[in-house]
Amino acid sequence: MPIDATGLPVAPGGPSAAGTVLRAAVYIDGFNLYHAIADLGAPHLKWVNLRALSERIIRKGERLERVVWCTAVNTKNTQKMLRWRAYKKAQESVGVAVLVGHFTEEPRRCHQGHDYFHPTEKEGDVNLAISVISDGHLNVYDVAYVVTADSDQVATAKMVMDRLPEKQFISVAPPGRSHSKEIITNSDDTRVIRRETLENCLFDGPTIIKGGELIAARPPLYAPPEGWQPAAI
């Protein structure tokens, strides 16, 4: 659904002079990135530190101001919920802003004609779009990096181009995914997340401890294979 920009003011700020350090913010479509990583067939890569990854995504010389992870949890799957909770705590420990949506069960019919309910994630796209636009108007960033291959965010890219002309919108493709053609038409630049980048941005060790307190423990499913080492980049 297109976002109506009628009556919204143009955002203030943005880069003011040559040599100014650009402020970057990274907005992550959590499920788009999760499924891209899952398709790599390497579960340990799901234990990625999104702040460290964002530092690799932004361009040299920019300053990372904010990382936003848009996600949701299916509370009816206990094991997935517990892994998600650990991962959420890990992200929050490094300053990632977590916006949580919800799941609904939508009626579906299988090929054999049987009816069933399918869990469907909600709010993620909206949370991402609102965050990019709101932070732009609040002058949080000069450059917004949006990690998704979902063409639903084309309205967000158009909004930044039309209503936030001093801001840059950069499309970031998850690993193994192509950019949305509709989004890059309205983007200032593109970036790609590569597998070797993910490998070098995992949280260190099986636990995250701050001030002597255990913050999060890596789920056993996300443990790297014995003897594994990240690829050189």
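Rule-based calculations on the coordinates, nothing more; no lab input. Not measured: the values here are computed from a predicted model. Please note: Cβ atoms are built from the backbone with ideal geometry, for glycine as well, and neighbour counts cover all protein chains shown.
General remarks:
- Neighbourhood charge, 12 Å Cβ-Cβ cut-off, centred on Val21 and excluding it, Lys, Arg +1 and Asp, Glu -1: +1
- Sorted by Cβ density within 10 Å, fewest first, the residues Phe169, Phe203: Phe203, Phe169
- Order of Tyr87, Tyr222 under a 10 Å beta carbon neighbour criterion, fewest first: Tyr222, Tyr87
- Look at the dipole of segment 23-222 built from charges on Cβ: of Gly41, Trp69, Pro220, the Cα furthest out on the positive end belongs to Pro220.
- For segment 23-222, the antiparallel share of DSSP beta bridges with both residues in that region comes to about 35%.
- Rounded to the nearest 20 debye, dipole of segment 28-98 from Cβ charges on Lys, Arg, Asp, Glu: 180 debye
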